[in-house]
Every structure is written in C-alpha cells, then in structure tokens.
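Working notes for the structure below.
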Amino acid sequence: MDAGLKRELEEKALSGERLSREDGIALYETDDLAWLGGLAHEVRTRKNGDVVYFNVNRHLNMTNVCTASCAYCSFQRKPGEKDAYTMRIEEAVRLAHAMEGDGLTELHIVNGLHPTLPWRYYPRSLRALKEALPEQVSLKAFTATEIHHFESISGLSASEILDELIDAGLESLTGGGAEIFDEEVRSQIVDHRTHWEDWSRIHRLAHSKGLKTPCTMLYGHIEERRHRVDHVLRLRELQDETGGFQVFIPLRYQHDFVDMRDGKIRNRLQAGTTMASGAEALRTFAVSRLLFDNIPHVKVFWVMHGVGTAQLALQHGADDMDGSVVEYKITHDADNFGTPDKLTRDDLLELIRDAGFRPVERNTRYEVLREYEGPDPARRDQPQPMRA
Ligand code: SF4
C-alpha cells in the first residue's frame with residue numbers, strides 16, 4: 001500500500017468517516033501490520049479507553065445430536081452414535097448448579113438441531129435453569145439456526161418463539177450460525193438451511209423485542225479476505241437499522257481439532273485447509289474494528305486463538321476477552337497445542353494487565369460488576385511470564 005493511500009485511510013478512520021468495501025480490502029492487503037494494528041488500537045481506545053472487559057461464563061450444550069453435518073463441525077453426533085447425548089432437564093440443571101461457583105454470571109447455551117426433541121423442551125429447560133440458578137446468572141441461549149429449527153418443529157413463528165423464551169428467562173441469543181454469509185462459500189461448509197435471510201430476520205426480531213445480541217464470523221477456512229469484508233458490511237448495515245449488536249466476535253476456524261475422546265477428526269475441511277496464522281488473526285481483528293464504526297465491542301475468544309495471540313489481539317482492536325474463568329484450578333487443562341481450557345481469574349487479570357490494559361468484569365449486558373487496577377509498574381521490572 002502506498003503512503004498516499006495509507007494517509008487517506010488513516011484520516012478516514014480517525015475522523016470517523018465510514019470505511020468502504022474497497023477500504024476494507026486494501027487494509028487487509030497492507031504488509032504493515034504494526035501500522036494497521038496501531039490504527040485499530042487508536043479507534044478501539046477512543047471507544048473503550050484502556051479497559052478490557054471479561055465475564056465469568058460457562059458453556060452448556062444440552063444435546064450434541066444434530067440433523068445437520070456442517071463440514072467444519074466437530075461437535076455434532078448422529079442419533080445412536082457413540083458419544084451422542086441428550087440431557088434431561090434435571091441433568092442440565094444439575095450440571096449448571098455444578099458450574100455456579102467461581103462467581104458465574106452467564107450461562108451460554110447452544111445445542112445441535114435435534115430431530116425428535118419437542119419444542120417444549122427448550123422453554124422448559126430455560127425456566128428450570130432460571131429458577132435454579134442465582135439471580136445474577138443470565139441465560140444467553142440458542143443460535144439463530146436453532147430458533148429457525150424451533151420454527152419448523154413447533155409450527156410457531158420466530159416472534160412467538162422468542163416471546164416464550166424471553167418469558168422463560170432468555171436474556172440474549174448467541175451469535176452462532178453466522179459463519180460466513182457469502183452464499184458460495186457457505187454452500188460448501190454449512191449444512192443447515194439458516195442463511196443470511198433467516199439469520200438476519202431472527203436477530204432483527206430479537207432486537208425489536210429489546211434483546212441485545214452478539215454477532216460472529218468464522219474465518220480462516222476456505223473463505224477469502226473479501227468474504228470477511230462483505231460479512232462485516234452486511235452486519236454493519238443491519239446494525240445501522242437495529243442497533244442491537246453489542247459485540248462482534250471473530251472465531252478462528254480450528255483446523256487441527258482432534259476429538260480427544262475417540263481420536264477422530266470430524267472436520268471434513270481438514271484435508272484442504274490450514275488455519276489462519278497469528279498475523280492473519282490480528283489483521284482480521286484490526287480490519288473488523290475499523291469497519292465496524294457502529295458496534296461498541298470486539299471480543300477475542302482466547303480458547304480459539306491461544307492466549308498469546310489473544311493478548312496481542314487486545315492491541316489490534318479487541319477490548320473484550322472470552323473463555324472460562326475459574327477462581328482456583330488444581331490442574332491446567334490444555335489441548336495438544338498448550339492452550340488451556342480454563343484460566344484462573346488471576347491468570348486472566350495478569351494477561352490483560354501485561355498487555356497494558358485495565359481489567360473490568362462485566363455481565364451479559366456489559367454493565368460493570370467489578371473494576372480492577374491497571375498494569376502493575378513493578379511487574380515491568382522483570383519479564384512477564386504467563387502462569388497458565
Ligand atoms: S448445525 Fe452445523 S455447526 Fe451446528 S451442531 Fe449441527 S452440524 Fe454442528
């Protein structure tokens with residue numbers, strides 16, 4: 001990228017002028033990652049100051065049985081398959097209770113598209129969880145794909161479904177099911193029938209009922225950078241209309257995932273793909289932050305990026321970190337690549353501070369629950385190792 005274009009993009013981004021599709025593509029193509037990251041960091045700092053948000057959440061998957069077979073998915077099982085499971089509502093409640101310690105404030109619930117579970121199972125589960133868990137635990141549940149599935153199994157409209165789920169305790173949808181909206185790419189990786197038209201219809205409806213939702217993008221598989229730009233611009237346009245997205249979450253496609261339980265590779269894209277490099281991940285965070293002039297937060301999910309890249313993402317536009325936080329941990333569970341699946345609160349606070357930010361614990365609605373001290377100057381005197 002020549003110096004003139006750099007200056008032009010810089011002026012646009014810093015004056016708040018909206019960046020175009022061409023600008024987004026040009027930003028992806030720069031070799032100057034430090035410049036790109038610095039620009040995104042400036043914009044992120046103007047929006048969110050020196051704060052990095054985190055929340056204490058746990059994931060609950062009530063069934064992994066799914067009628068679809070998305071090419072990248074390692075989670076789904078077919079009925080009768082070894083490891084296929086569906087929880088009874090009491091089981092889900094028992095499991096949620098076990099997760100309650102550690103100051104839990106959010107339960108994140110997503111499931112497979114089960115072929116025979118009745119629609120009633122879902123609002124009943126939410127109601128039972130809401131009654132059983134402490135007041136401060138918010139239920140963030142279901143992808144737009146699941147809501148679309150509920151329409152077909154219940155005969156109800158998405159509006160009626162959302163009303164019933166909200167009445168049962170739903171506080172936010174999850175952002176899943178978005179993957180990449182480009183139809184051609186999508187047709188090669190997504191096996192369910194919820195595409196942009198229905199995904200956007202359902203989030204629009206949720207926003208009209210007062211719910212705030214996240215939005216996501218699965219990147220680093222067979223898509224090209226221009227598909228990422230187009231994906232973000234579709235979401236930006238919808239955000240102009242509803243204002244209901246709180247956060248954008250780039251999800252790094254996991255090429256190497258081997259199911260530890262049976263050693264199987266279920267990802268059918270594996271032979272033809274690699275995974276986004278750390279630099280490509282940082283570029284994706286930075287360009288997304290610069291294009292999304294209307295979404296307040298960008299979140300990095302450290303489980304998918306590794307703690308090192310996640311920490312750097314905070315300097316490339318991200319202001320929010322996601323992943324399980326526990327108070328104490330006896331062992332550090334890690335995958336084959338050394339990425340832990342849980343961090344203690346102290347690990348996470350140090351990770352944020354060592355990147356130069358001030359940690360703030362939030363709830364699902366981004367209300368501040370607890371503020372912490374910023375970077376510790378004494379720690380600067382020595383190298384800063386990760387305890388995880
Ligand atoms: S809908 Fe696709 S991504 Fe979701 S569980 Fe089923 S196969 Fe996996």
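For the condition modelled with pLDDT of 95 or more, outside any loop (DSSP other than H, G, I, E, B), in contact with a His (Cβ under 6 Å, 6 or more places away or on another chain) and closer than 24 Å to Glu106 by Cβ, Phe248 does not qualify. Taking the stretch 81-94 as the range and being surrounded by fewer than 20 Cβ atoms within 10 Å (Cβ to Cβ) and either in contact (Cβ under 8 Å) with a residue 40 or more places away in the chain or away from the ligand (no atom under 16 Å from the Cβ) (or both) as the test, the residues that pass are Lys82, Asp83, Arg88, Ile89, Glu90, Glu91, Val93, Arg94. Which residues, taken from the stretch 204-244, are hydrophobic (A, V, I, L, M, F, W, C), within 16 Å of the ligand (Cβ to nearest atom) and assigned to a loop (DSSP other than H, G, I, E, B)? Within the stretch 204-244, Ile222 is the sole residue that qualifies. Among residues of the stretch 215-232 that are in contact (Cβ under 8 Å) with a residue 60 or more places away in the chain, those with a beta-carbon under 6 Å from a residue that is β-branched (Val, Ile, Thr) and not in a helix (DSSP H, G or I) at least six positions away or on a different chain give the pairs His221/Thr273. Of the helices (runs of 4 or more DSSP H) that lie entirely inside the stretch 102-203, those containing 3 or more residues that are modelled with pLDDT of 95 or more and more than 16 Å from the ligand (Cβ to nearest atom) span 121-132, 158-168. Scanning the stretch 58-101 for residues that are in a loop (DSSP other than H, G, I, E, B), among the β-branched types (Val, Ile, Thr) and in contact with a Lys or Arg (Cβ under 8 Å, 6 or more places away or on another chain) yields a count of 0. With the structure loaded, tell me whether Gly220 is within 19 Å of Glu106 (Cβ to Cβ) and over 12 Å from the mean Cα position of the chain (by Cα) or whether it fails that test. Answer is no for this residue. Screening Tyr53 on (1) buried (at least 17 other Cβ atoms within 10 Å of the Cβ); (2) within 16 Å of the ligand (Cβ to nearest atom); (3) assigned to a strand (DSSP E or B) shows it passes everything except condition (2).
Would you confirm whether any residue within the stretch 161-175 is among the small types (Gly, Ala, Ser) and surrounded by fewer than 16 Cβ atoms within 10 Å (Cβ to Cβ)?
Keep residues of the stretch 161-175 that are among the small types (Gly, Ala, Ser), which gives 168-169, 172, 175.
Still in the running and surrounded by fewer than 16 Cβ atoms within 10 Å (Cβ to Cβ): none.
No, that holds for no residue.
The values are calculated or read from the model by the stated rules, or taken from the named source; none is laboratory data. Quantities reported herein were computed from a predicted structural model and do not represent experimental measurements. Cβ coordinates were reconstructed from backbone atoms using ideal geometry, including for glycine residues, and neighbour counts include every protein chain displayed.
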